[in-house]
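I have placed the structure first, in the form of structure tokens, so that the comments after it can refer back to it.
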Amino acid sequence: MDRDPPPTYPPIDLDVALPAGFPAVHEAYRVLRDQKDMVCGAYALTYLLHAYGQTERDGVPVSVDAVAAAAGTTLEPRNEARLAAVREAVAAGEVPPARAGLWYPHDHFAYDLATVEDEGGTSPHGLVVACEAASDGALTAIPVPACRSDDAADAVQLTADRFDDLLEAVCDDTIHAQLILNYNLTQTLAPASLLGHKYNLVALLTRWDDPEYFRRLNWDVGHFTTLAGRLTRGSSDRRYLLIRDSYRSFGWRGYHLQPEAAIHAGLVRADDHRDGGLLLVTPTRDVDDALAWLDSHDLETGAWDNGSAYKPRTRPFDNE
């Protein structure tokens, strides 16, 4: 018996813009494991350094642990306790020294990191220092805070329009840079776990203009990720960012889509006691062009207080 075929979903006019260098960044990113606690910023910077060809400095491998040490990343007491337990097992001969990082990938650190009682992690200033040190000055991380340091009425300098312009400039290679984003996770959609059970590609396409359908990530912390792309759809005013995350269980092996407005809100952190911002990781030869673009859009540079201190204890690279 002849039957009509089932109705098909209407065509989707989807435009995807990927920043220059996407294949190199992806290849450097895909070989990394999930991040350890406190090192999301160092994790993001490490694969960007690798993508730019910076894999070692004077014989010292540019690893996540080395970049974290150079960035003055700090641990919290629970991390210190777990690290101490691994080192005790090594000292007792229970774990071969060369296997400590392999057997305990989330607890072992190859370098000594300071411990703080409040908020561990990596500061924006630390990433600026580590970028220059690990690349021997070949790359520069330019910090752009979402808010100015004063309390003026226009304290939010990274407005939605300026963020839009900046994303476009990065994606069309007007600015020769990779973008590291530092934002509060509570503003974003949950791309995994029980809270993210609705999150999948079909649901995102059918609910494109209704992101409130999805649950938010119930995790009130700052986080570093990188921009992997930007998506627009037909006549819709809603734009999404393709995020490259340090948690590989999120989304699709670490890549996930987030509303641009949600990432912007997470950068501004209006309901938070900390600040957010972004870093442009660019070849040092292109710094002047990037700074000129920022100046023309009334965007000041400088580090912001994301709650993490800069406390370098060991310095794997030479020119810090």
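The table below gives the values:
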{"read-out": "Length-normalised contact order for the chain - Cα pairs under 8 Å, 6+ apart - percent", "value": "27 percent"}
{"read-out": "Summed residue charge, Cβ within 15 Å of residue 47's Cβ, Lys/Arg positive, Asp/Glu negative", "value": "+1"}
{"read-out": "Long-range Cα-Cα pairs in segment 89-238 (distance over 24 Å), rounded percent", "value": "57 percent"}
{"read-out": "Degrees between helix 160-171 axis and first principal axis of the chain (Cα, 0 to 90, nearest 10)", "value": "80 degrees"}
{"read-out": "Charge context of residue 173, other residues only, Cβ under 12 angstrom, K/R +1, D/E -1", "value": "-4"}
{"read-out": "Cβ-placed point charges (K, R +1; D, E -1), dipole of segment 89-147 about Cα centre in debye, nearest 20", "value": "240 debye"}
{"read-out": "Efficiency of FRET between residue 136 and residue 237 - r from beta-carbon atoms, R0 45 angstrom, step 0.05", "value": "0.55"}
{"read-out": "Mean Cα-pair separation over length for segment 169-314, i.e. relative contact order, pairs under 8 Å, 6 or more apart, %", "value": "27 percent"}
{"read-out": "Selection of GluC sites (Glu not before Pro), segment 1-83, meeting DSSP coil and at most 12 other Cβ within 10 Å", "value": "none"}
{"read-out": "Furthest towards positive pole of dipole, 130, 266, 28, structure part the chain, Cβ charges", "value": "28"}
{"read-out": "Segments 275-286, 202-213, 124-135 sorted - mean Cβ within 10 Å per residue, highest first", "value": "124-135, 275-286, 202-213"}
{"read-out": "Between 0 and 90°, nearest 10: helix 77-91 axis offset from the chain longest Cα axis", "value": "50 degrees"}
{"read-out": "Cα gyration tensor shape of segment 274-320, rounded if a/c is under 1.5, else prolate or oblate by comparing a/b with b/c", "value": "oblate"}
{"read-out": "Rounded to 10°, Cα long-axis angle of helix 287-296 versus longest principal axis of the chain", "value": "50 degrees"}
{"read-out": "Ordering of 221-228, 42-49, 110-117 by packing [mean C-beta count within 10 Å, highest first]", "value": "42-49, 221-228, 110-117"}
{"read-out": "Length released on extending from residue 56 to residue 76, taking residue separation times 0.36 nm less the Cα-Cα span", "value": "4.4 nm"}
{"read-out": "Cβ charges +1 (Lys, Arg) and -1 (Asp, Glu), total dipole of segment 1-118, debye", "value": "320 debye"}
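FYI, it's all coordinate maths here, none of it is from the lab. These numbers come from a predicted model, not from an experiment. Cβ: placed from backbone, ideal geometry, glycine included. Neighbour counts: every protein chain shown.
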